[in-house]
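One structure below.
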Amino acid sequence: MPYLGHNSLYTNNIALVRGDNLDKCFFQNDGLYVAKNILGKFLIRKYDNMQIVTKIVETEGYMGIKDKAAHVYNDKKTDRTKPLYLEGGHIYVYLIYGMYHCLNISANVENIPECVLIRAVEPIIGFDKIAFNRYKKSYDDLTNYQKKNITNGPGKLCMALQIDRSLNSQYILDSDLYISDFYIDKNGEKVFADNDFDVVEAKRINIDYAEEAKDYLWRFYIKDNKYVSVK
């Protein structure tokens, strides 16, 4: 079995038991509720006989057809945006600048195309795998700057977790990319999400085209978390 680095988990280890105890009702709330309440939950990526565990620390809510920053503003339903019209909990991955993937989760009920952009995560398990995916070297060989910037942005976290359009339209609770209130550590113990933090509400990033919507405080992040992209 190949070495995957410190804090890595293998499929023959009890730690690969799924911890997805969120249910579909959570994702059928409106986009702002999901964006705010998904903070602190674990975003887990399983692939290559191991899994990466991260904590969601920054999100943005997009409120569908009346939100001028949303891809579906004015009910713009296209092949690209179809996942947003599925019931809450479906994965929507798109490219920016033709090269960086961004991860979104649909929210609300079917045909109400709201969503949550996952902007930043904090690594918990799988540091070496994350470092290799981002920089092609081990975590211990990273500079302090690289460690700070390893998952503090939507494109960065997608690179770190190997998230691309192959996951598009999958249901987040059935996918190899899933969200949970807890994970199972290497000792077989449940580690639950800690909700003891303050949430900051701020303007969304890079949406200057969105007229008045650019000023909505629909970005949410965990106060003082060092992996937040913009404070």
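Whether a residue is surrounded by 14 or more Cβ atoms within 10 Å (Cβ to Cβ), touching a strand residue (DSSP E or B) at 6+ places or on another chain (Cβ under 7 Å) and not in a loop (DSSP other than H, G, I, E, B) was assessed, and Val228 does not pass this test. As a summary of the residue check, Gly64 satisfies the conditions (1) farther than 25 Å from Asn195 by Cα; (2) out of contact with any strand residue (DSSP E or B) (no Cβ under 8 Å at 6 or more places or on another chain) except for the one numbered (2). The set of residues from the range 31-47 being buried (at least 21 other Cβ atoms within 10 Å of the Cβ) and assigned to a strand (DSSP E or B) comprises Phe42, Leu43, Ile44, Arg45. Of the residues making up the range 48-84, those that are farther than 21 Å from Asp164 by Cβ, without any contact (Cβ under 8 Å) to a residue 40 or more places away in the chain and either surrounded by fewer than 17 Cβ atoms within 10 Å (Cβ to Cβ) or within 15 Å of the chain's Cα centre (by Cα) (or both) number 5. Each residue in the range 207-225 was checked for being over 17 Å from Lys55 (Cα atoms) and surrounded by 12 or more Cβ atoms within 10 Å (Cβ to Cβ), and 7 pass. Of the helices (runs of 4 or more DSSP H) lying entirely inside the range 93-204, those containing at least 2 residues that are surrounded by 14 or more Cβ atoms within 10 Å (Cβ to Cβ) and in contact (Cβ under 8 Å) with a residue 60 or more places away in the chain are 127-135, 154-160.
Quick note: the coordinates plus some simple rules give every number you see, no bench work behind them. Here the structure is a predicted model, which means the values were calculated and not measured. Neighbour counts run over all protein chains shown; Cβ positions are idealised from the backbone, glycine included.
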